[in-house]
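Before any comments, here is the structure.
The values are calculated or read from the model by the stated rules, or taken from the named source; none is laboratory data. Here the structure is a predicted model, which is why all the values come from computation and not from measurement. Cβ placement follows ideal geometry from the backbone for every residue including glycine, while neighbour counts extend to all protein chains displayed. Heads up: the accessible areas ignore ligands, DNA and RNA and are worked out on the full protein's heavy atoms, side chains in. Shrake-Rupley method; radii C 1.70, N 1.55, O 1.52, S 1.80 Å.
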Amino acid sequence: MTQPYIHHGVMFSYYSAKTRAYLSYKRLPFVEQYHAPTLSGRLREITHKVMIPVVETPDGEVLQDTTEIIDILETRHPQRPVLPREPLQLLLSRITEFIMDELWITTSMNSRWNDPRSKAFVVGEFGRVIGGSAGLPEADAMQMGETVAGQMQSYLPFLGISEAPAQQLTTAFFQQASLALNEVVGAHKFALGPRPSLIDLCLFTGYYAHQYRDAGDAQEFLKAQTPQLCYFLDSLHAAQCAPDAGELTIEQPLLDYLAFVGPPGAAFASGILDGTADIAVNTQPAAVCEGAVPPFRVPLGEGEIARGGSVFSAWKAQRVLDVHASMSPEQRAEAEPILSAIGWDGVVGKSLPYRLERADYQIRLKE
């Protein structure tokens, strides 16, 4: 019997949702585990960080970062593909991936840590899972949960959501975006039509662990106001049951949704790419390129937040530019009015004074 993949992740993890749904949709045998000593020991030595998800292949290869995990496994398991073949569909998928992976987490961290009910729920989960996996007694495990929760909350100022006005603005943005997304997806209805693709995995990532699963105001809003979106999230949680037939198409409800979330995502991408230039200029070629991009103003709904970022976010934005650059002139001309409508026309054509690449689990400045 073939050995299964090992998915090092956990239900309350934002990014674990993407790889769990991916492995499930691909019908690749896997087991999920969370073992704190393994993550901080053997896997940290390999990947240089304590971060989930991590996927171990049946032959022992260690894959880290959801984007790279999916890219690699798609080449090895072409059945039930998730990457669109049509260039414009792929471009919109990569844009959505950047928004949900790099910007939308602001809304998820807001709903988790600035809602007392959600916070209490997750602190208990942290204690039971993280402390329990380390073999701690219950009291010590709960204390560990509090400690890890404190570490997570320390990121709120960098994400721009430590003060009440920004929290209220972010909550309103989450609600308006969710109502728009409710018109896009549903029961047996996915972002590009009759079957899931990469864009659906990214949308699922943005919602499942925090806003849909945490017991709090965000969950109540989704359950009461966005029933189609809830059906969609349930479908992706059982992704092995999702259909794999049908042509992918771009429909107006998706474009309307992207017209709402796209401009903030574009502003964040542009600021991150520009801010990373200051880091890259002081980095030697082939060296690890790392550092924080200081907070800058990002429009969000009816206002702005001051949001910081990282070189890793710039690498993710660079991937969007790469898809656009790979398109033919005719394909770019077709994409231009859509990119303008969703606010990304000024981002995709950026000429960067640096090139980032991912090697040995780290972002490096290309020689």
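Just one of the numbered conditions (1) aromatic (F, W, Y); (2) within 29 Å of H324 (Cβ to Cβ); (3) open to solvent by 40 Å² or more (accessible area, probe 1.4 Å) is not true of F174: (3). Listed here are the strands (runs of 3 or more DSSP E) enclosed by region 12-79 that have at least 1 residues being of a type in the set (D, E, K, R): 30-33, 54-56. Within region 58-67, can you find the residues that are in contact with a strand residue (DSSP E or B) (Cβ under 6 Å, 6 or more places away or on another chain) and either of a type in the set (A, V, I, L, M, F, W, C) or under 14 Å from F30 (Cβ atoms) (or both)? Within region 58-67, V62, L63 qualify.
Taken over region 264-286, the criterion of being in contact (Cβ under 8 Å) with a residue 24 or more places away in the chain and surrounded by fewer than 17 Cβ atoms within 10 Å (Cβ to Cβ) is satisfied by A277, V281, Q284, P285, A286.
Scan region 154-171 for residues that are open to solvent by less than 10 Å² (accessible area, probe 1.4 Å) and hydroxyl-bearing (S, T, Y) and the total you get is 1.
Of the residues making up region 88-101, not a single one is in contact with a Lys or Arg (Cβ under 9 Å, 6 or more places away or on another chain), without any contact (Cβ under 8 Å) to a residue 60 or more places away in the chain, crowded, with 20+ Cβ neighbours inside 10 Å and under 18 Å from V10 (Cα atoms).
Within the set A242, A325, A306, A267, the sole residue that is in contact with a strand residue (DSSP E or B) (Cβ under 9 Å, 6 or more places away or on another chain) and under 30 Å from Q79 (Cβ atoms) turns out to be A242. Where residues in region 287-315 are farther than 22 Å from T170 by Cα and open to solvent by less than 40 Å² (accessible area, probe 1.4 Å), which of them is modelled with the lowest pLDDT? Here the residue is G291. Candidates are the residues of region 218-245 that are surrounded by 18 or more Cβ atoms within 10 Å (Cβ to Cβ) and of a type in the set (S, T, N, Q); the one that is farthest from S16 (Cα to Cα) is T226.
Condition check for V82 on (1) open to solvent by 30 Å² or more (accessible area, probe 1.4 Å); (2) in a loop (DSSP other than H, G, I, E, B): one failure, at (1). Would you mind stating whether Q151 is in a helix (DSSP H, G or I), surrounded by fewer than 16 Cβ atoms within 10 Å (Cβ to Cβ) and at pLDDT below 95? In short, yes.
Residues that are touching a Lys or Arg at 6+ places or on another chain (Cβ under 9 Å) and under 21 Å from A17 (Cβ atoms): does region 177-186 have at least one?
No, because not a single residue in region 177-186 is touching a Lys or Arg at 6+ places or on another chain (Cβ under 9 Å) and under 21 Å from A17 (Cβ atoms).
The residue pairs whose first member lies in region 23-46 and is in contact (Cβ under 8 Å) with a residue 12 or more places away in the chain and basic (K, R), whose second member is assigned to a helix (DSSP H, G or I) and crowded, with 18+ Cβ neighbours inside 10 Å, and whose beta carbons are closer than 6 Å, counting only pairs six or more residues apart or on different chains, do not exist in this structure.
Being open to solvent by less than 10 Å² (accessible area, probe 1.4 Å), at pLDDT 95 or above and in a helix (DSSP H, G or I) is a property that does not hold for S111.
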